[in-house]
Structures are given as C-alpha cells and as structure tokens.
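Inspection log for the structure reproduced underneath, given as structure tokens.
Please treat every number below as a calculation from the coordinates, not as lab data. From a predicted model like this one, the values you see are computed outputs, not experimental measurements. When we count neighbours, we look across all protein chains shown, and the Cβ atoms used for this are built from the backbone with ideal geometry, even at glycine.
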Ligand SMILES: [Zn+2]
C-alpha cells in the first residue's frame, strides 16, 4: 500500500517536474497549489488582453453589468437634411466596422421620430445585452442616443448642429425622461470623452438652456 502511494506520487512529480524524484504528499500538495496558481495567473492575463482586444473591436462580451452613469449624445455625422435609417447604422457599424453591436440604443430621425436600435429596460444597470458601442471606454456604463445629421450639407468634414425643430423637441423630451428615470445620470456629448466633434453642439450649454439641473450636466464623478 505504502509502496503504491509512493509510486503514484512519483508519477505525479514526474509529470510536473519532468524528473523522476522521490516526493511526499506535502510537497505534492504544494506543487499542485503552485501549478494551480500559475494556471490561474495565466488565465487572468489572457482574459485581460482578450478584454482589451474585444474593447478595441467593439465587442463587450467580457464586460460585466455596471451602473448606468452617462447618457451620451451623438450625431450620425451625415449631411444636414439627409435621412439615416436603422439599416444604414447596422450596415456601417456591424458590417463595415465589424462591431458586435451598433453604437446607439435609440435614433432620433429628422421628423423627430424615435426609433429603437438596441433592447434595454428601465433599470439602473447596463446589462451585457443592453450595451451599445458609442464611445470607447464608456460603453459598459453609458446609454447612447443619436440624432440624424451633424455636418454641413455640402461638407461632411464640417461639424454643425443640424437638429431640426422636431429633433430638438424629441431630444429634449428624451433627456428629461432619462433624468426622470435615473435622477443621478450625467448627460454629456460624445466630444466630452473623445476628440470627435460629435454631436456638433455644446451639450452642457444646451442642457442649461433647457433648465437641466447642474448635477445632471457634464463628466463629473
Ligand atoms: Zn458620437
């Protein structure tokens, strides 16, 4: 019996160390613990790099749900007066850029109509299935809404606040409703967390003009 045990221990030791050495149960335990710790460490490092890679690709499957903190306002960066459909957004984001999900949960059309792009509920957390990929590094805790437009009619390089009267009205209702549902939410423009001009207007100034409370404005903690 004792011999069998020693034999098995030696087999284990050989498997781990590559050399046939005599080993007792205690050393085997430590060896297994050590090997386990190394494997865990390697898995963690792998997961970390996978997460970075997926973030870059716009895939968020490794993000766990977190609290909804920001409502980020975008424009489609398309010429003034030209309509953009849900299918256009899907074509640009899912097909051309290869993202796993589009960049916005809702779109506000030229006539002020609101169209849903990504399912979500009204609670205070962003679940993995509610994520939209609107702003790198902010997708795990933000909701993204976009209005159609955002550039000059004849020059898409020139950013412009092209919101129609109806879009103004819808975006205002949208923002106020989000604040009503989520009293601590911060409303910001995409340009406050990136170098882009999106959404083509100063969101803070606009929010003040429609009497939004200071606690709901800007990127503060
Ligand atoms: Zn944007």
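Before moving on, here are some points about what is shown:
- As a length-normalised measure over Cα pairs under 8 Å and 6 or more apart, the relative contact order of the chain settles at 21 percent.
- Residue 220-residue 27 pseudo-label distance in nm [points 7 Å out on the Cα-to-Cβ vector]: 6.3
- Against the rule of thumb 2.2 N^0.38 Å, how large the Cα Rg of the stretch 28-164 comes out: 1.38
- Gain on full extension, evaluated as 0.36 nm per residue between residue 49 and residue 205 minus their Cα-Cα distance, stands at 52.3 nm.
- Sites residue 122 and residue 94 - FRET efficiency at Förster radius 30 Å, r taken between beta-carbons, to 0.05: 0.75
- Helix axis angle, 25-57 relative to the chain longest principal axis, alpha carbon, degrees: 20
- Degrees between helix 2-17 axis and first principal axis of the chain (Cα, 0 to 90, nearest 10): 40
- Taking the DSSP bridge list for the stretch 66-216 and keeping only pairs wholly inside it, about 30 percent are antiparallel.
- C-alpha center-to-center spacing [the stretch 189-221, the stretch 128-171] in angstrom: 12
- Angle between the chain longest axis and helix 165-181 axis [Cα atoms, degrees, rounded to 10]: 40
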